[in-house]
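All of the numbers you see were taken from the coordinates with simple rules; none came from a lab. Treat the numbers as computed from the prediction; the structure is a model and nothing was measured. For neighbour counting, all protein chains shown are included, and Cβ atoms are generated from backbone atoms with ideal geometry for every residue, glycine included.
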Amino acid sequence: MAHVLAFEKPVVELVGRVRELRELAHADARLAPELKRLEEKAAKLAREMFSKLEPMQKVQLSRHPNRPYTLDYFARLFDDFIELSGDRCFAEDASLVGGLARYHDRSVVVIGHQKGRSTKENMVRNFGMPNPEGYRKAIRLYELADRFRLPVLAFVDTPGAFPGIEAEERGQAEAIAHAIEVMASIGVPVVTTVIGEGGSGGALALGIGNRVLILEFSYYSVISPEGCAAILWKDGSLAPRAAERLKITAPDLLELGCVDAIVDEPPGGAHQDHDDAARRLDRALWEALVSLDGLSPDELTADRYQRFRRLGSFVA
Amino acid sequence: MSSLPDKTPAQGFSNEKRSLGKGVFKKCGGCGSVLTAEALSDTWHVCSGCGYHHPMTPADWRRLLLDGGALERWDDHVAPADPLRFDDGKGYRERLERAKKQSGQTEAVEVGRAHIAGHPVAYGCYVFSFMGGSMGSVVGERVTRLFERATTDRLPVVLLHASGGARMQEGILSLMQMAKTVAALSRFRAVRKPYISLCLHPTTGGVAASTALLGDVNLVEPNALIGFAGPRVIESTLRTTLPEGFQRSEFLQNHGMVDRIVPRSEMKSTLTVLLSHLGGGRA
């Protein structure tokens with residue numbers, strides 16, 4: 001449980017002490033003002049310490065084994081979640097979960113990559129790396145959302161699509177491409193949030209949102225820093241350099257126009273307080289969703305088209 | 001993601017030799033027999049002995065497929081920038097300059113209007129010798145505009161793919177080109193004109209996972225490597241060796257991903273028949 005990265009140690013200790021105080025204050029109301037003062041001070045300190053993180057350290061946070069995963073957010077954000085399974089072609093893929101849920105007063109289609117927290121869980125979840133059947137389930141859900149005019153809320157958290165022999169046999173490339181096409185064309189509001197790892201095409205298949213949000217310590221990249229370093233310098237240990245050059249952190253992505261907003265994480269990162277992380281995401285997600293109210297199906301598709309149409313940098 | 005080296009545009013031609021008075025000789029990438037450049041050129045770079053298809057340049061493809069070899073070029077002026085100021089020991093701008101010289105092209109795709117046996121088409125061809133045919137902002141923009149103009153002008157689209165995938169040097173913006181091109185393709189579907197995709201050797205990564213396999217009809221060349229993850233990535237991830245013929249054209253056809261494997265000698269006639277069946281042109 002207590003998995004602590006070397007660089008986050010001081011922040012973890014600080015957050016831990018505030019947590020202890022909070023329990024004490026629970027028993028003794030007189031401590032409340034003091035607690036509030038300390039909480040604010042600790043939050044400020046934690047933010048300062050994390051403001052200087054290297055890109056690769058943020059990547060490590062995005063992969064933190066205690067970080068909240070898709071189903072952790074589903075449990076906190078949604079009511080009446082009914083999971084839907086299977087691609088109707090070949091198999092069920094547990095590395096990508098989805099279904100119907102209620103978000104505040106609205107029925108929505110929810111979908112996200114799902115990692116496992118233990119080795120045993122990851123045998124089932126495949127470390128959040130979908131096979132083609134995962135993307136074909138996503139296509140089913142996008143089409144379902146379109147037919148019943150339900151918004152889609154997508155949660156991205158994958159190292160990438162699974163690079164396996166069977167995945168290639170069953171058309172990994174086609175499955176991802178098709179998912180992108182369907183997600184681009186549906187006439188409903190779509191909000192994507194990158195909650196952890198945004199690994200390349202395997203992430204993009206859930207990424208065609210009218211609004212794309214990203215959690216503060218998440219990343220989104222065309223290739224993993226390790227993969228990039230292996231190709232460029234034949235040395236995966238140079239990943240920190242690749243992480244810096246690729247501009248994959250939340251502020252970089254905002255500047256490049258690839259995400260629309262950054263969602264702050266609790267002091268010390270989302271893994272320090274899943275409930276608080278979900279509350280912060282809730283505010284941003286709701287705001288993004290209602291900002292699309294009143295748009296017709298055609299306008300929603302056109303809005304998504306224009307959002308991605310302008311991305312790129314060239315001279316003309 | 002591009003995992004293919006950008007230095008080897010002409011696999012199979014590595015043993016090119018010049019000997020005085022005899023012109024250029026090339027060793028066949030299939031059977032190893034020695035062929036003259038002239039003989040290869042006459043057969044569209046297909047070995048007359050074993051049928052091995054050596055890579056062709058975009059200029060060769062124009063001559064093979066397009067009436068009069070003529071392409072009315074679109075968007076050649078859309079030129080690369082360096083949004084990340086990317087430097088991996090050599091600067092991205094320097095790599096771009098070298099790629100321009102090597103390929104004689106302005107970027108990794110050429111697009112425009114052409115005719116195939118009288119059918120007007122919106123035509124595109126990736127340039128593998130330009131940084132492995134990788135898709136950055138310029139490729140994404142040109143392909144997007146290709147589909148947009150085809151939508152406006154109600155033209156069929158014929159797009160030839162040969163690419164290692166997204167261009168690492170433009171980072172996340174390269175990934176976004178997958179979304180942009182596929183979204184443009186999805187709009188194009190509404191005009192009910194055919195999109196014929198042709199996958200050449202090799203078509204992998206982000207290009208394979210965007211427009212390459214979404215054709216109304218997907219054609220491939222014999223023995224082309226086509227897939228999402230490059231073979232080396234799969235081998236190193238799974239610590240295994242891959243079966244013979246893995247991710248090759250025949251493998252893709254057997255697994256239901258492509259319609260036909262078309263040898264070069266039949267490519268133009270196949271396209272022509274498809275265009276006439278699907279109502280391309282003569283509108």
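Picking from residues in segment B:198-216 that are hydrophobic (A, V, I, L, M, F, W, C) and in contact with a Ser or Thr (Cβ under 6 Å, 6 or more places away or on another chain), the one that is nearest to the other protein chains (Cβ to nearest Cβ) is B:A212. Scanning segment A:208-229 for residues that are at the interface with chain B (Cβ under 7 Å from one of its Cβ atoms), assigned to a loop (DSSP other than H, G, I, E, B) and closer than 16 Å to A:M129 by Cα yields A:V222, A:I223. Taking segment B:152-183 as the range and being surrounded by fewer than 24 Cβ atoms within 10 Å (Cβ to Cβ) and in contact (Cβ under 8 Å) with a residue 12 or more places away in the chain as the test, the residues that pass are B:D153, B:R154.
The number of residues in segment A:183-207 that are among the small types (G, A, S), more than 9 Å from chain B (Cβ to nearest Cβ) and surrounded by fewer than 24 Cβ atoms within 10 Å (Cβ to Cβ) comes to 1.
Need a quick list: helices (runs of 4 or more DSSP H) entirely within segment B:90-202 having at least 2 residues that are more than 26 Å from B:G227 (Cα to Cα) and among the β-branched types (V, I, T). Write out each step before concluding.
Working: elements: B:92-103, B:137-153, B:171-188.
Because the criterion is at least 2 residues that are more than 26 Å from B:G227 (Cα to Cα) and among the β-branched types (V, I, T), the helices (runs of 4 or more DSSP H) in segment B:90-202 that meet it are B:137-153.
Yes/no matrix, rows are residues, columns are (1) more than 22 Å from B:L64 (Cα to Cα); (2) within 12 Å of another protein chain (Cβ to nearest Cβ); (3) free of Cβ contacts under 8 Å to residues at least 60 places away in the same chain; (4) not aliphatic (A, V, I, L, M):
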residue: B:I196; (1), (2), (3), (4): no, no, no, no
residue: B:N218; (1), (2), (3), (4): no, yes, yes, yes
residue: B:N223; (1), (2), (3), (4): no, no, no, yes
residue: B:Q247; (1), (2), (3), (4): yes, yes, yes, yes
residue: B:R260; (1), (2), (3), (4): no, no, yes, yes
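Has segment A:83-104 got any residue that is among the basic types (K, R) and more than 20 Å from A:V156 (Cβ to Cβ)?
Applying the first criterion (among the basic types (K, R)) to segment A:83-104 yields A:88, A:102.
This time we only want the ones that are more than 20 Å from A:V156 (Cβ to Cβ), so: A:88, A:102.
Yes.
For segment A:164-190, a tally of residues being touching a residue at least 60 places away in the same chain (Cβ under 8 Å) and under 19 Å from A:I111 (Cα atoms) returns 7. Of all residue pairs spaced 6 or more apart or on separate chains, those with beta-carbon atoms under 9 Å, a first member in segment A:230-244 that is surrounded by fewer than 21 Cβ atoms within 10 Å (Cβ to Cβ) and a second member that is basic (K, R) are A:L232/A:R241; A:L232/A:R245; A:W233/A:R241. A:A154 meets the stated requirement of being away from chain B (no Cβ under 12 Å), without any contact (Cβ under 8 Å) to a residue 60 or more places away in the chain and within 22 Å of the chain's Cα centre (by Cα).
Of everything listed in (1) assigned to a loop (DSSP other than H, G, I, E, B); (2) touching a Gly at 6+ places or on another chain (Cβ under 9 Å), the single unmet condition for A:P266 is (2).
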